[in-house]
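Chemist: Take this structure first; my questions come after.
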Amino acid sequence: MNDDGSLRLELPALLAGRRGLVLGVSSENSVGFHLARHLQALGAEVAASLRPNRGQFLSRLSELGMFCVELDALDESSIERAVQRTGERFERLDFVVHGLVHVPEGALSRPVQQLSARELADAMEVGVRSLLVVARFAQPLLQRSDAPRIVTLLSGGADFAMPAYHVLGVVKAALGSAVRYLAAELGPAGILCNAVNFSILETDAALHVIGTERTQQTRQHLSKRSMTQRALSFTDVAQAVAFLASPLCSNLTGEALTVDGGFSKSYF
């Protein structure tokens, strides 16, 4: 058992022999980084995408055994190069995990109705359209797999109005719809497309965009009101992603698996 009373699972073979690309590894305290490390621990070979000009962090990821590719989500040719380089290294892709997101500087401190056309367009380009572009370029590589999977990341802010979250909520809601349409298009090719919808984690991005105090207050509230009465951990999210990226996920597509300790299903 773990210190928090949860069951310790030893599943080193779940992703053994699998090869995947994790998009959106921005820092050691990012969701993408924790997902990449967890998928590695379950046996997968992982390629990680990071923004250009992150040489020091790139070296760190390389030390951890990840193949790294630079990717500018606002540049379609950059996405194509990143997927191509990954394909040259891995020859196929068994899974793609999409965690790309963009928050225009200062946007969340202003009302949603004051978002500029450019701010909303950039947020949607990175947070939604990049998934569609990645899927297009990655499809030939995914079809070389016997169990190809695409997984993306949603949040409760897509379903509920949350303080200091508006543009992210709009983007995540659109992303959830994009997953369903992508699932319908790629299903006949055997590529399953799903999402993990999870409550807030204490990432560098959350601390920067939402603020330390509000992030901690939100996590405390969610923990108190969830059915498990336990704060969400990176491991909780990573294990859900790992299942959806694995061959154990079978004939399940277009779904959003909610990982929030039952908070969203509890009235009181």
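Any read-out appearing in this document is the output of simple, stated calculations on the displayed coordinates, not a laboratory observation. Source: prediction; values computed, not measured. In this analysis, Cβ positions are derived from the backbone assuming ideal geometry, glycine residues included, and neighbour counts consider all displayed protein chains.
Chemist: Could you state the number of Å between the C-alpha centres of region 20-71 and region 96-151?
Modeler: The two parts, judged by their Cα centres, are 17 Å apart.
Chemist: How much net charge surrounds Arg19 when only other residues with a Cβ under 14 Å from its Cβ are counted (Lys, Arg +1; Asp, Glu -1)? Walk me through the intermediate numbers first.
Modeler: Values: positive: Arg18, Arg85, Arg89, Arg92, Arg144, Arg149; negative: Glu45, Glu88, Glu91, Asp94, Asp146.
Every neighbour counted, the sum reads +1.
Chemist: Show that you can apply the helix-only estimate: for the chain, add -39,500 (n - 2.57) for every DSSP H stretch of four or more residues, divide by all residues, and state [θ] at 222 nm to the nearest 500.
Modeler: -12500 deg cm²/dmol
Chemist: How far is the Cα center of region 236-268 from the Cα center of region 180-202, in Å?
Modeler: 11
Chemist: For the residue pair Arg136 and Arg110, what label-to-label distance in nm results when each label sits 7 Å from Cα along the Cα-to-beta-carbon direction?
Modeler: Computed distance between label sites Arg136 and Arg110 equals 3.0 nm.
Chemist: Magnitude of the Cβ-charge dipole of the chain, K/R +1 and D/E -1, about the Cα centre, nearest 20 debye?
Modeler: The calculated dipole for the chain is roughly 300 debye.
Chemist: Take the chain, drop everything but the C-alpha atoms, weight them equally and run the Debye formula without solvent; then report log10 I(q)/I(0) at 0.08, 0.15 Å⁻¹ to two decimals.
Modeler: These q points yield log10 I(q)/I(0) values of -0.30, -1.14.
Chemist: Working out 0.36 nm times the residue gap between Gln220 and Asn251, then minus their Cα-Cα distance, what length gain in nm do you get to one decimal?
Modeler: 7.5 nm
Chemist: Considering only His102, Gln220, Gly127, whose Cα is most displaced toward the positive end of the charge dipole of the chain, charges sitting on Cβ of Lys, Arg (+1) and Asp, Glu (-1)?
Modeler: Positive-end residue among those listed: Gln220.
Chemist: With unit charges on the beta carbons (Lys and Arg positive, Asp and Glu negative) and the dipole taken about the Cα centre of the chain, which residue among Leu182, Phe67, Phe137 sits farthest to the positive side?
Modeler: Leu182
Chemist: Here's something else I'd like to know. Using the Kirkwood radius over C-alpha pairs as Rh, can you work out the diffusion coefficient of region 73-173 via Stokes-Einstein at 20 °C, viscosity 1.002 mPa s, in µm² per second?
Modeler: Estimated via Stokes-Einstein, D reaches 145 µm²/s.
Chemist: A further question follows. Distance in nm between label sites at Leu74 and Ala164, each 7 Å beyond Cα in the beta-carbon direction?
Modeler: 2.4
Chemist: Okay, moving on. Once R0 is set to 51 Å, what does the formula 1/(1 + (r/R0)^6) return for the Cβ-Cβ distance between Ala189 and Gln229, expressed as a FRET efficiency to the nearest 0.05? Show your work: numbers first, answer last.
Modeler: Details: r = 42 Å, r/R0 = 0.83.
The formula returns an efficiency of 0.75 here.
Chemist: Assuming R0 = 30 Å, can you tell me the calculated FRET efficiency for the pair Glu91 and Leu120, based on Cβ-Cβ distance, to the nearest 0.05?
Modeler: After rounding to 0.05, the efficiency reads 0.20.
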